[in-house]
1. For region A:544-627, list the strands (runs of 3 or more DSSP E) that sit wholly inside it and hold at least 2 residues that are over 35 Å from the mean Cα position of the chain (by Cα); which are they?
2. Starting from residues that are surrounded by fewer than 21 Cβ atoms within 10 Å (Cβ to Cβ) and among the polar types (S, T, N, Q), keep the ones in region A:360-404 and report whichever is farthest from RNA strand B (Cβ to nearest atom).
3. Taking the condition of a type outside the set (A, V, I, L, M, F, W, C) and in a loop (DSSP other than H, G, I, E, B), does residue A:366 pass?
4. I need a count of the residues in region A:547-596 that are small (Gly, Ala, Ser), modelled with pLDDT under 85 and over 15 Å from residue A:614 (Cβ atoms).
5. Please indicate, with yes or no, whether at least one residue in region A:511-531 is in a loop (DSSP other than H, G, I, E, B), within 21 Å of residue A:379 (Cβ to Cβ) and either within 34 Å of the chain's Cα centre (by Cα) or outside the structural domain of residue A:439 (by TED's automatic domain parsing) (or both).
6. In the set A:310, A:264, which member is more than 30 Å from residue A:24 (Cα to Cα), assigned by TED's automatic domain parsing to the domain that holds residue A:15 and within 16 Å of RNA strand B (Cβ to nearest atom)?
7. Among the numbered criteria (1) near RNA strand B (Cβ under 9 Å from one of its atoms); (2) not assigned by TED's automatic domain parsing to the domain that holds residue A:48, which one does residue A:239 miss?
8. Need the failing condition index for residue A:439 against (1) more than 9 Å from RNA strand B (Cβ to nearest atom); (2) modelled with pLDDT under 90, just the number.
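The values are calculated or read from the model by the stated rules, or taken from the named source; none is laboratory data. Since we're looking at a predicted model, the values are computed, not measured. Cβ: placed from backbone, ideal geometry, glycine included. Neighbour counts: every protein chain shown.
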Amino acid sequence: MCMERIFIGVAWPYANGSLHLGTLAGALLPGDIFGRYHRLKGNAVLMVSGSDEHGTPITITAEKKGVTPKEIVDHYHAEHVENIRQLGIKFENFSRTSSEFHKKVVQDFFLRLYENGYIYPKKMLAFFCPNCNRFLPDRYVEGVCPYCGGKARGDQCEECGATLEPEEILEPKCKICGTTPVLKETEHLFFKLSAFEEPLLQWLSSKKFWRDNVLRFTQNFIKKGLKDRPITRDLEWGVEVPIKGYENKRIYVWFDAVIGYLSASMEWAKKIGEPDKWKEWWKGEAKHYYFLAKDNIPFHTIIWPAMLMAHGGLNLPYDVPANEYLTLSGEQFSKSRGIGIWIPDVLKKFDADAIRYYLAINMPEKHDTDWKWDDFVAKNNNELVAIYGNFIHRVLTFIHKNFGKIPSYKEEEKGEKLIEEVHNIIKEIDDAIGKCHFKDGMKKIMKIAQLGNRYLNESEPWKLIKEDREKCASVLHVCARIIKSIAIVSAPYMPNAADKIWKMLGYDDSVHEHGWEEAFDDIEPNQISSPAPLFRKLDLKDIIEDEFSKLDIRIARIVDVQNHPNADRLYVLKVDVGELGQRTIVAGLKEWYNEEDLKGRKIALLANLKPAKLRGITSEGMLLAADDGKRAYLLLPQGKEGSRIFVEGIESNPVEKITYDEFRKIKLVTKDGKAFYRDKPLKDEKGEIRIDGNVKDGCIIR
RNA sequence: AGCGGGGUGGGGUAGUCAGGAAAACCCGUCGGGCUCAUAACCCGAAGAUCCGUGGUUCAAAUCCACGCCCCGCUACCA
């Protein structure tokens, strides 16, 4: 078989925070499975990625923390590198965009496009915040839509979807400081993306094998018309523009990041001492694959290919098998809403391969899939441990106890049939991974383990060992041979476990130095040492240990206030809880808040409290307030009604209904005029939750 | 609003583009077997009007039309 060159580009994680499971499921893991598979197949793989370290969000994080952007990206880049190592993801080069090497490549690339006539200057209007003293990216401008009066963000209305020009937006506010920004003229360099509509469509016409969603999305996007994009920004943090007159500007982070694929390839070649070697992938015959989640599609199927066309002489993407999203119990990962599972946290608790298994078997290839803790535990325990791990463990312990080495094979009719069946499955796995059907491949590996278990049960070697030692040896030989196959075909999915199996089979090198075709070969009569279980069982109780996660605290808006007919001190409130609808609650606020104070106000509502009748009226939830023994103080959330109030780092996993007694054990207190759980502030999507009035520290919130 | 994806037994998914014999797989439930193995393994059973309505067809989960519901994207956030 002739060797292929495979380039694998994995979307660059942004160095403004920790990696989360979505990045792993959508880009890192499929890229790694694919890369490891091709290396096993004997192909020449160049797989690169790196930390994306420029852009406004990083400068803002740095300002908030009072450090330099460099310190932020150094911190997260180091963390990414460490996490990637722990996850067993193998890159030829995992680089970073703040390196001098990368900057130089970006500037050369930029200049070449400039010389080729694809970059030109143009004046434009942009929002400038006089208080922050900076131009604001769209994301940081909030205002009112001139068409529907809804909330508009940047260049678009969130409510009606209208696209807005900067000057149209009403009552614009800087999202960082709340100041009204001014429109200011600024000159930027534009990339002539519009020139590539036809070439891109032409190029796409040969991509019939792409995933449907990727291809259709891309084609529609282009057909709507491509606009030239400004590719410089008024910023200090980024790659300097290599053109006179633009010394105060930086290259737009997106433009710079995608060039990382090229710069990281060149840097790799330099590192291994063959500085021209990258050309074999970028100028010679090679297939370029890019792994990313769906939000990244246009950058990899339109902008980057157009940039490569404008540059000339470099290979375009061959396939972009973009994934959908991994959601968490049905909700999208979102740092600002406190929804997410961060890689450094999960690595503390679980084996990388257990995480890799669950994400592989549950990969969002065709549509969003959900990470659910109970499902993770179930699949780990019932599939990975029970079917896969146990097959290997029971075979090896049996061999170790009774033979000490891989027993020799005489003949065994059923076993031969099984081997043939397994070989067919291996071919199917090969085909599946080659087509980036990773989920399917993983399922088929499990199928092999299942067939092994069945064969073992039917053959009953524990009986044969007493009656027919030779046949018993043959049966176990067959099983061992199947385990060898499993080790090889699992290597792309669970590199660590695969290598452990390999060593338990008595080999003293690494499975990753071997080839895919060896999965068809017989096993050598190795001595084996005492086997140990590969994976451990998990207990859901150990995972969801924090009692706070039981609470479902939502923001609610008071729409109506009535006096309770049978109680002097109680109000009956009607509240709007967004997606949860309207609710009636009873609250004892009458002594401290009058009706007018309350109407329209946003409050914190414990939404999953077991409903209770208070003097004849059922209260569906409980309004949370601080109590200093003399009076009550309302919590003052700012977010949208229906959105959650959370504590960072504690995953929300509310129980159906919580009793008042259970809730009382969870201590929420006041501190510095804010609400705290333990030493962490309660937050909503707008930030930390303040408390009305002048409340002392240490008051209980109920 | 536009575009894209999705709605399949209790849960999670495959199958849909190239329509066709009993709708496949994993988990869960129930019954049985086994005891080598991390109370793990294996076999069997129950359980689905394949979102709804209408249409095309000898035949529809699959094609067409309309409707309902979820999710994502919409490039100067990454």
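1. A:553-563, A:571-576, A:582-587, A:612-614, A:617-619, A:625-627
2. A:402
3. Taking the combined requirement at face value, the residue satisfies it.
4. Looking only at that region, the number is 3.
5. Scanning region A:511-531 turns up no residue that is in a loop (DSSP other than H, G, I, E, B), within 21 Å of residue A:379 (Cβ to Cβ) and either within 34 Å of the chain's Cα centre (by Cα) or outside the structural domain of residue A:439 (by TED's automatic domain parsing) (or both).
6. Sole residue among the options that is more than 30 Å from residue A:24 (Cα to Cα), assigned by TED's automatic domain parsing to the domain that holds residue A:15 and within 16 Å of RNA strand B (Cβ to nearest atom): A:310.
7. (1)
8. Every condition holds for residue A:439 apart from (1).
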